[in-house]
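Visitor: I'd like to ask you about the structure that follows.
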Amino acid sequence: MEPAQLDLQSSPIPGGRLARLYAYMVLDHPRLTLLLVGLLVLAGVWFAQGFRLDASSDSLLLENDEDLRFYHGIRARYGSDDSLIVTYTPDGPLMTPETLQRLRYLRDELSGLERIAGVTSLLDVPLLDSPRVSLGEVREGVRTLETPGVDLELAAREFRTNPLYANRLMSLDGATTALEVRLQPDVLLEELMRQRDELQEIRLGRALTRTEHAVLTALNERIGSRRQLLAEQQQADVAAVREVLDRYRDGAQIHLGGVPMITADMVEFIRADLKTFGLGVALFMVLLLGVAFKRWRWVQVPMLICFATVAVMTGLLGLTGWQVTVVSSNFVSLLLIIALSLTVHLIVRHEELHSEHPEASQRTLVRDTLRSLATPSLFTALTTAVAFGSLVVSDIRPVIDFGWMMVVGVLLAFVLAFVIFPAALVPLRPGTPVLRRHDATAVITRGFARLVERHGNITLAAYLLILVASIAGIARLTVENSFIEYFKTSTEIHQGMALVDRQLGGTIPLEVVVGPDQVFLDDQAALAREGAGGGAAGITGDSYWFNTFELERVAEIHAYLAGYDSIGKVLSMATTMEVLEMLNDDRPLDNLTLSVMHQRLPDAVRTTLFDPYMSKDGNQLRFAMRVIDSSPDLRRDRLIRQLEQGLVNDLGLEPEQARVNGMLVLYNNVLQSLFRSQILTLGAVFLAIFGMFLLLFRSLRLAAIGVMPTLTAAALVLGIMGWLGIPLDIMTITIAAITIGIGVHDTIHYLHRFRHEFPADHDYKAAVKRCHASVGRAIYYTSLTVTLGFSILALSNFIPTIYFGLLTGLAMVAALIANLTLLPLLVIKLRPLGSGA
């Protein structure tokens, strides 16, 4: 084939006014253009100071989840479960005066921290069986471990056997104790969320007025700002607690757990990964670009484009207050991929033209590089943006934000690549062409071309088998995951959560809230209409649950919940009844005794025994549980469904009477929503990409061929996840969109180049060989650089980051192979440009 002829005139890029302005800036005034870009980058770096990470539990929840509103209501009534758990395992015996004194110092120092509302330890709770006390003695005052003369041996036995304390404040072997560190609640945030929930309830029934809509918008802004402030305070609180704990580690093993700690550590892991691995990936890309292209400029220019893209995008996020969550934390890595891919295609095309026309000026080479790649690169950027844009249909705000971030970031990368690349090169001399047509890269790409030519049918059969196996793997995909599996076993957070799981009743909060039946509600409504009031018979006569008959059912429900292997500690009014019977000399309680006890117990005891488990009127109960997050048999969605069905079918409760809630339910709702939305949106994404191919190539057959490599790569990655048992979670759920966004880059460039090569001789196989020797090199360089670069993420301590790096690399390899084998094979077989020579 004759080399492509260059237009060696110095005229600017043809087109309209915008095209002439573009050529005027990047070709005629490149230094001014670079100066303006430099100022933009500096502005981005400045505003990046406002860049924020949000890994709070609220940031991972469905915005309009009815369970979330119910959860906030239950927390307001019974108290928050957002506490830090400190486990303390002394090297020697626990129940000795010396150990208890050291534990006292630890408790007091934690209580003295500014934002700690209180600390509950085994030093503070009432002793009721050390020795046994009566109700009258309890009314006179309760003993604790700090009461002089307490029998430590009896107290140790009580902590191991009392249903309130065993497996909660002390492990069953008596070696470990726990301190519950309660953080200060934020009354303002709770009030703002209550007002927002009221408006959202109104919106479900009718459209909001202009005033109501403005109020809702203002509330959302205030809630976002308040959450950010509280997230920073919470990180500081966790750090302050750890600083105190570090002073007591001599002579004891101490671990920290609890939901606030999980969220704080997730932020720290993500922030560390952004800094350490972002720099590591960049340095690795520098090394690989240097090896691939052997010229310093082909390292400087791509890295300048990548840095400018990340800096400007980060500054934009900081300027707008657009928070990055766990889902979107890898947007920096993805922007590096996309910016690098765009730039490598420009480099390879520039070197091709320079090798064919070594006498051409730099300005001409740059101009014709832009001419030949402007259209495919623009459609590449738009198609990638469409792929990520599919995420905005999700119900989950972090996923929506991630979709929009990537849409903006992809378009920004395209603009900066086509501004910085020409502006940086035009002032430089072309130098000596470095494109080598017989190096290792050429051997590999020619090998793929020969595979397609000589073993086409076998290759096609192999892809068919891969597709079948991938579909089978996709059918095995689950959305089961656990927080403890997010962290390596060597990390303190994993060790602490495992200890709490094994010895202190579980990690993740779950609760069942049970109300009265419909007959009772109807009777109460009738009494209210008649103006009749209760109260004469006391709480046992007026309430639905707090009487001897219904409390027997409470014990049945409690035993049923405790019977699940994956449920650890269960606390409820059944636990309270065991303690009250103990105070009554182990005799059964009648309604009169129950009513008297409820009235005469000291406030401190009533707060411990009644308030967390029963409403003031006795008509609603709360069964507080902890799920063993590390249980290998735990299937969260199945557990929730079993509880919902069992409470009705096995225990005879009415469907509206019982409700399963808690952090486990909220997070499971997120995962289930992600799974459903991902399945629904993938089809829409491929339709959109098909439309983009149709618009670009004006060929139905080429468009159909174009979606196949990306579809195969996405199916392969998801299928491997299914076969390896890697669950879909809030980070890995985006892998399919990422695979599509990355793979479609190379597909567009390959097909666009094929349409350019085919008219030379109308020989499909010859055109494929030429494409592999030209654009195939760019595809190979991009894929190799990104795959090896992202393998660095496997060194992270945060398991989702490891999965992200490895799966992204796998996606790049799958897309590379599919675009260099399946794509040309389908082109040869289906002949979309006619019968050929």
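The values are calculated or read from the model by the stated rules, or taken from the named source; none is laboratory data. These numbers were taken from a predicted model, which means no experiment stands behind them. Cβ sites come from the backbone with ideal geometry, for glycine too, and all protein chains shown count toward neighbours. For accessibility, only protein heavy atoms count, side chains too; no ligands or nucleic acids. Shrake-Rupley method; radii C 1.70, N 1.55, O 1.52, S 1.80 Å.
Visitor: Using the Karplus curve 6.51 cos²θ - 1.76 cosθ + 1.60 with θ = phi - 60°, what ³J(HN,Hα) values do you get for each residue of region 173-178, in whole Hz, with x for Gly and Pro?
Guide: So the Karplus estimates, Gly and Pro as x, are 8, x, 8, 10, 10, 10 Hz.
Visitor: On to the next question. Compute for region 373-497: radius of gyration divided by Kirkwood radius, i.e. Rg/Rh, restricted to C-alpha atoms, rounded to two decimals.
Guide: 1.11
Visitor: Taking the chain as the reference, fit the longest principal axis to its C-alpha atoms, fit the long axis of helix 735-757 to the helix C-alpha atoms, and give the angle between the two in degrees, 0 to 90, nearest 10.
Guide: 10 degrees
Visitor: Please compute the per residue accessible area over the chain with all protein chains in place, 1.4 Å probe, rounded to a whole number of Å².
Guide: Heavy-atom SASA per residue in the chain reads 41 Å².
Visitor: Is it possible to state the helix-based mean residue ellipticity at 222 nm for the chain, with each DSSP H run of 4+ residues giving -39500 (n - 2.57), the sum divided by total residues, to the nearest 500 deg cm²/dmol? What is it?
Guide: -21000 deg cm²/dmol
Visitor: Would you mind pulling out the separation of the Cα centroids of region 788-837 and region 163-195, in Å?
Guide: Each part reduced to its Cα centre gives a spacing of 48 Å.
Visitor: Let me ask another. If you average the C-alpha positions of region 224-255 and of region 362-396 separately, how far apart do those two centres end up, in angstrom?
Guide: 45 Å
Visitor: Hey, can you grab everything whose amide H is under 5 Å from the amide H of Ala252? Only 5+ residues off in sequence or another chain; H modelled, so Pro and N-termini drop out.
Guide: The answer is Asp91.
Visitor: Taking the Cα centre of each part, how many Å lie between region 713-781 and region 108-145?
Guide: Answer, in whole Å: 65.
Visitor: Taking 0.36 nm per residue of separation and subtracting the Cα-Cα distance, what length does fully extending His455 through Trp296 add?
Guide: 53.3 nm
Visitor: Further question: How high is the relative contact order of the chain? Use alpha-carbon pairs under 8 Å, at least six apart in sequence, and give a whole percent.
Guide: Once divided by the residue count of the chain, the mean separation gives 19 percent.
Visitor: Across region 260-277, in residue order, what do the Karplus-derived ³J(HN,Hα) couplings come to in whole Hz, using 6.51 cos²θ - 1.76 cosθ + 1.60 with θ = phi - 60° and x for Gly and Pro?
Guide: With the stated coefficients, region 260-277 comes to x, 5, 4, 5, 5, 5, 4, 4, 5, 4, 5, 4, 5, 5, 4, 6, 5, 7 Hz.
Visitor: Of the peptides 366-377, 134-145, how do they stack up when ordered by the mean number of other Cβ atoms within 10 Å, highest first?
Guide: Top of the packing list down: 366-377, 134-145.
Visitor: Okay, moving on. Counting only residues 5 or more places away or on other chains, whose amide H sits under 5 Å from the amide H of Thr325 once H atoms are built in the peptide plane?
Guide: For Thr325, the qualifying residues are Asp54.
Visitor: When the C-alpha atoms of region 632-709 are aligned to their principal axes, what extent does each axis show, in angstrom, from largest down?
Guide: 63, 30, 19
Visitor: Another question, if that's okay. Mind checking the angle between helix 187-205 and the chain's longest principal axis? C-alpha axes, 0 to 90 degrees, to the nearest 10.
Guide: Roughly 70 degrees, rounded to the nearest 10.
Visitor: Among 36-43, 124-131, how do they line up by average Cβ neighbours within 10 Å per residue, starting with the highest?
Guide: Put in order of decreasing packing, that is 124-131, 36-43.
Visitor: When the convex hull of the Cα atoms of the chain is projected onto a plane and the area is averaged over all directions, what value comes out in nm²?
Guide: 41.2 nm²
Visitor: Using amide H atoms built 1.01 Å from N in the peptide plane, name the residues 5+ places from Gly662, or on other chains, whose amide H lies under 5 Å from its own.
Guide: Here Glu511 satisfy the definition.
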